[in-house]
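Accompanying notes for the structure given below.
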Amino acid sequence: MAKLELRGVTKTYGKTVGVANIDLTVEDNEFFCIFGPPSTGKSTILRLFLGLETPDSGEVCIGGEVVNGRLPAERDLAMVFQNLALFPHMTAGENLAFPLAERKTPKAERERRVNEVADKLHIGPLLNKIPAHLSGGERQRVAIGRALVRDSNALLMDEPISALDARLREEMRVELKRLQREMHRTLVYVTHDQEEAMSVADRLCIIRDGGIAQIGTPQEIYNAPNSRYVAEVIGAPPMNFIAGAIGEGGAFSADGLDLALTFKTNGAAGPGDVGVRPEDIVIEREAPGGHAVAATIYEVEPLGGFTVVALSVGDSVLRAQITGQPQFTLGEPVHLSLALDKCHLFASADGARIATGATG
Amino acid sequence: MSSIELVNLTKRFGDLVAVNELNLEIKDKEFVALLGPSGCGKTTTMNLIAGIENPDGGEVRFDGKNVGSVPLRKRGVGFVFQNYAIFTHMTTYKNLSFALEVRGLPRDEIDRRVHEIAKLLDLEDRLPVPAARLGVNEMQRLGIGRSAIANPQIFLLDEPLSNLDAAFRAVMRTELKHLQHQLGQTMVYVTHDQLEAMTMADRIAVMDMGVLQQYGTPLEVYNRPRNLFVARFMGSPSMNLLYCRLTESDGGRALDFDESGRVELHDEALLKQCASARNADLYFGMRPEDVELSPVTGDRGGLAMTVTFVEHIGARTIVHLRSAGHEVKAIERNDFDVDIGAPMEVSPKPGAGWLFDAATEIALGAG
């Protein structure tokens with residue numbers, strides 16, 4: 001297993017920028033997740049590592065060595081695609097053994113490795129079946145197994161479970177994380193599903209328009225997004241934003257709302273947005289005083305264990321996430337207050353985070 | 001007035017019974033979700049309501065009248081499909097106004113309604129743009145707008161949000177529900193996503209293999225699942241279902257989980273459920289948010305389990321636990337932390353827990 005790096009890599013396709021001057025390091029044995037909306041450059045990063053694309057500038061490194069000139073076959077990386085290309089005429093076992101057979105691994109060793117991987121993936125009983133007789137989830141396991149069966153510098157996966165249904169995806173992401181831990185592999189994993197990314201990643205890299213928006217642990221990114229963009233794409237329901245103006249001394253006043261908060265802004269001023277996560281809004285029926293804001297109930301979305309309440313505040317709608325199954329009537333007047341220490345302040349101009357934590 | 005009644009509705013495709021003796025009553029202005037896995041018969045049911053398919057048995061009634069002989073065009077239903085059929089060469093405005101122009105509405109009335117719906121769907125800026133240039137999210141909103149603008153009394157939607165990205169889907173769920181409240185249409189919504197059904201519907205019809213499993217409000221279906229299928233299908237992560245045996249001794253009733261431990265039954269709701277048990281083989285159901293985790297003391301009589309995995313996903317933390325033969329997922333707060341491999345005592349929170357007959361898969365006391 002090896003460390004993977006991109007050093008100042010740019011790749012353009014005609015006038016379209018794939019990735020622009022990217023620096024990133026995937027540590028040895030790390031579960032590194034690349035997250036972003038469709039066509040932001042996620043897959044380009046994988047293709048650069050694999051050698052399927054040549055960078056316009058910059059260095060691609062595997063295990064500390066620059067591999068720009070090396071052919072894909074010489075890079076020794078294993079890949080799992082979203083469209084799992086299993087050989088339809090081979091059994092699951094033969095599919096698993098294929099990368100070993102290709103490398104002329106002795107038969108006994110081949111069998112040992114196939115059985116080991118099949119065991120880890122719980123697909124032992126399926127080895128004699130052909131792909132057509134397997135379910136979607138089982139086929140996916142075989143495809144992942146085929147990438148795991150031989151030692152390689154690293155594993156690369158491009159949306160490997162996005163075609164499965166929701167329930168199966170929840171199970172598979174836990175399986176993948178377990179496998180990566182047990183087998184000590186470096187894994188670069190591309191997904192557009194923020195919950196999946198949060199769940200599996202040791203570190204998360206958020207891509208925006210071919211550049212890196214933020215790299216950090218899922219907790220760091222969730223609790224301290226460095227920009228409004230990152231705050232918007234991580235977390236569901238998404239973070240709420242309240243537009244307003246940042247004045248002298250860090251006083252924020254919301255547009256059209258009776259809400260005044262103070263942040264430590266180090267002199268930054270101008271238009272700003274306060275961001276607050278749905279779970280950091282408290283709804284109260286009685287006016288609690290202080291910094292509470294008057295609101296009315298817009299819609300109520302019960303989810304069983306928790307409830308998402310959409311609130312009409314001024315001209316905008318904010319979402320609060322409340323534990324349990326509270327009852328509200330549509331149009332009911334309520335008061336909402338914000339968990340001040342969890343409020344973020346972003347500059348409207350460039351979306352950069354100015355501060356986290358307010359005083360009332 | 002536009003209520004819908006399905007009476008013993010049956011539809012076969014060759015040997016396959018797609019919809020089997022379905023009885024369902026949808027009230028005027030009600031938002032009903034038809035929910036189930038692929039192949040459960042939900043889309044066929046919607047096609048029968050619309051008149052795209054004809055039933056092999058039973059009736060579809062609108063306001064009490066059998067519409068069996070009324071063709072698709074005359075049923076007065078609006079449709080939104082997963083694959084939005086948009087005229088891509090026309091502007092957004094034209095796509096919206098089209099249905100009203102066909103009906104010969106006055107120009108200022110058309111203009112007013114186009115702007116009204118465009119505002120509701122956040123498409124006002126995009127009105128002059130050719131639809132081909134819209135993003136996926138905008139295209140989907142336009143699809144909804146185009147059907148909604150004609151103000152049909154019955155609105156049928158087949159997985160209309162499934163192509164949208166997650167953050168936007170959350171916003172659209174609220175907006176769609178709000179739209180329905182404002183327009184006062186009867187809405188039938190087909191989805192395989194329990195979260196969509198929970199958040200939007202007034203009532204949910206859970207289907208499996210062409211058969212109605214349960215019909216009730218989101219919280220009824222979530223809180224009192226009638227059988228194991230519904231219990232598993234609703235909620236994310238789904239309900240923990242642990243095989244156990246009901247035992248009786250001098251000390252009272254208890255659930256025996258073999259090597260994982262025993263739970264003595266003191267909880268009134270559970271004792272009441274037990275009273276209708278016909279055999280001792282049961283499943284004990286516990287929602288992930290109703291699981292209480294505590295350090296092992298040995299005297300509380302919970303299940304002894306080991307933490308196998310911890311998922312921090314934003315506002316919630318999902319803790320995975322395992323023991324010999326049982327698995328449990330628990331939902332904890334954002335800041336909860338525990339080491340993998342740590343032993344834990346697992347018990348239901350007071351008042352939480354459901355029992356199902358292991359043979360019939362029906363909830364005890366569900367009748």
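The values are calculated or read from the model by the stated rules, or taken from the named source; none is laboratory data. As the structure is a prediction and not an experimental result, all values here were calculated from the model. All Cβ positions, even for glycine, are placed from backbone atoms using ideal geometry, and neighbour counts span all protein chains on display. The area values use the complete protein model at the heavy-atom level, side chains included, leaving out ligands, DNA and RNA. Shrake-Rupley method; radii C 1.70, N 1.55, O 1.52, S 1.80 Å.
Annotations
- Within segment B:254-270, tally of residues that are under 29 Å from B:Val307 (Cα atoms) and outside any loop (DSSP other than H, G, I, E, B): 11
- Total residues in segment B:17-42, condition under 15 Å from B:Ile154 (Cα atoms) and in contact with a strand residue (DSSP E or B) (Cβ under 7 Å, 6 or more places away or on another chain): 9
- Long-range neighbours under 7 Å by Cβ, at least six apart or interchain, first residue closer than 17 Å to B:His192 by Cα and among the aliphatic types (A, V, I, L, M) within segment A:164-179, second at pLDDT 85 or above and part of a loop (DSSP other than H, G, I, E, B): A:Ala166/B:Asp193
- Taken over segment B:173-195, the criterion of being crowded, with 18+ Cβ neighbours inside 10 Å, more than 10 Å from chain A (Cβ to nearest Cβ) and touching a helix residue (DSSP H, G or I) at 6+ places or on another chain (Cβ under 7 Å) is satisfied by B:Leu179, B:Met187, B:Val188, B:Tyr189, B:Val190, B:Thr191.
- For segment B:216-231, a residue qualifies if it is closer than 16 Å to A:Gly304 by Cα and surrounded by fewer than 21 Cβ atoms within 10 Å (Cβ to Cβ), and the qualifying residues are B:Gly216, B:Thr217, B:Leu219, B:Glu220, B:Asn223, B:Arg224, B:Arg226.
- So B:Met286, is it at pLDDT 90 or above and touching a Pro at 6+ places or on another chain (Cβ under 7 Å): yes
- Search result, residues across segment B:60-82 that are surrounded by 13 or more Cβ atoms within 10 Å (Cβ to Cβ) and either under 25 Å from the mean Cα position of the chain (by Cα) or assigned to a helix (DSSP H, G or I) (or both): B:Val60, B:Arg61, B:Phe62, B:Val77, B:Gly78, B:Phe79, B:Val80, B:Phe81, B:Gln82
- For B:Val211, the stated conditions hold: it is open to solvent by 40 Å² or more (accessible area, probe 1.4 Å), more than 14 Å from chain A (Cβ to nearest Cβ) and at pLDDT 95 or above.
- Scanning segment A:84-140 for residues that are of a type in the set (Asp, Glu) and more than 20 Å from A:Leu168 (Cβ to Cβ) yields A:Glu94, A:Glu102, A:Glu109, A:Glu111, A:Glu116, A:Asp119.
- Any chance B:Ala170 is farther than 21 Å from B:Leu6 by Cβ, touching a strand residue (DSSP E or B) at 6+ places or on another chain (Cβ under 9 Å) and at pLDDT 95 or above: no
- From the list A:Arg141, A:Arg146, the lone residue that is free of Cβ contacts under 8 Å to residues at least 60 places away in the same chain, out of contact with any Lys or Arg (no Cβ under 9 Å at 6 or more places or on another chain) and crowded, with 20+ Cβ neighbours inside 10 Å is A:Arg141.
- Among (1) open to solvent by 20 Å² or more (accessible area, probe 1.4 Å); (2) touching a residue at least 40 places away in the same chain (Cβ under 8 Å) - the single one A:Gly36 does not satisfy: (1)
- Strands (runs of 3 or more DSSP E) within segment B:163-227 that include 3 or more residues hydrophobic (A, V, I, L, M, F, W, C): B:186-191, B:203-208
- Residue match in segment A:261-272 (condition: open to solvent by less than 40 Å² (accessible area, probe 1.4 Å), within 24 Å of the chain's Cα centre (by Cα) and modelled with pLDDT of 95 or more): no
- Residue within segment A:322-329 that is out of contact with any Cys (no Cβ under 8 Å at 6 or more places or on another chain), touching a residue at least 12 places away in the same chain (Cβ under 8 Å) and either open to solvent by less than 10 Å² (accessible area, probe 1.4 Å) or part of a strand (DSSP E or B) (or both) present: yes
- Of all residues in segment A:125-139, one or more are of a type in the set (Val, Ile, Thr) and either in contact with a Pro (Cβ under 8 Å, 6 or more places away or on another chain) or closer than 30 Å to B:Asn163 by Cβ (or both).
- Which listed residue, of B:Thr297, B:Thr306, is in contact with a strand residue (DSSP E or B) (Cβ under 6 Å, 6 or more places away or on another chain), surrounded by fewer than 18 Cβ atoms within 10 Å (Cβ to Cβ) and either assigned to a strand (DSSP E or B) or not hydrophobic (A, V, I, L, M, F, W, C) (or both): B:Thr306
- Any hit, segment B:6-26, residues being touching a Leu at 6+ places or on another chain (Cβ under 9 Å), closer than 20 Å to B:Val221 by Cα and not aliphatic (A, V, I, L, M): yes
Let's see how each residue does on (1) over 22 Å from A:Glu175 (Cα atoms); (2) within 14 Å of chain A (Cβ to nearest Cβ):
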| residue | (1), (2) |
| --- | --- |
| B:Arg278 | yes, no |
| B:Phe284 | yes, no |
| B:Pro288 | no, yes |
| B:Pro295 | yes, no |
| B:Met305 | no, no |
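- Set A:Glu59, A:Glu109: member being open to solvent by 30 Å² or more (accessible area, probe 1.4 Å), more than 14 Å from every other protein chain (Cβ to nearest Cβ), under 30 Å from A:Thr10 (Cα atoms) and at pLDDT 90 or above: A:Glu59
- Of the residues examined, B:Arg61 is not one that is under 17 Å from B:Thr186 (Cα atoms), in contact with a helix residue (DSSP H, G or I) (Cβ under 8 Å, 6 or more places away or on another chain), of a type in the set (Lys, Arg) and touching a residue at least 40 places away in the same chain (Cβ under 8 Å).
- Of all the residues in segment B:322-335, those that are more than 12 Å from chain A (Cβ to nearest Cβ), surrounded by 13 or more Cβ atoms within 10 Å (Cβ to Cβ) and over 25 Å from the mean Cα position of the chain (by Cα) number 2.
- Test: residue in segment A:220-233 that is more than 14 Å from chain B (Cβ to nearest Cβ), open to solvent by 20 Å² or more (accessible area, probe 1.4 Å) and without any contact (Cβ under 8 Å) to a residue 40 or more places away in the chain: no
- Under the condition of being closer than 21 Å to A:Ala231 by Cβ and either more than 29 Å from the chain's Cα centre (by Cα) or at the interface with another protein chain (Cβ under 9 Å from one of its Cβ atoms) (or both), the residues counted in segment A:316-330 number 3.
- Hits in segment A:42-56 (condition: in contact with a helix residue (DSSP H, G or I) (Cβ under 7 Å, 6 or more places away or on another chain) and open to solvent by less than 50 Å² (accessible area, probe 1.4 Å)): A:Leu50, A:Gly51, A:Glu53, A:Pro55
- For B:Ile144: the one exception among (1) within 14 Å of chain A (Cβ to nearest Cβ); (2) not in a loop (DSSP other than H, G, I, E, B): (1)
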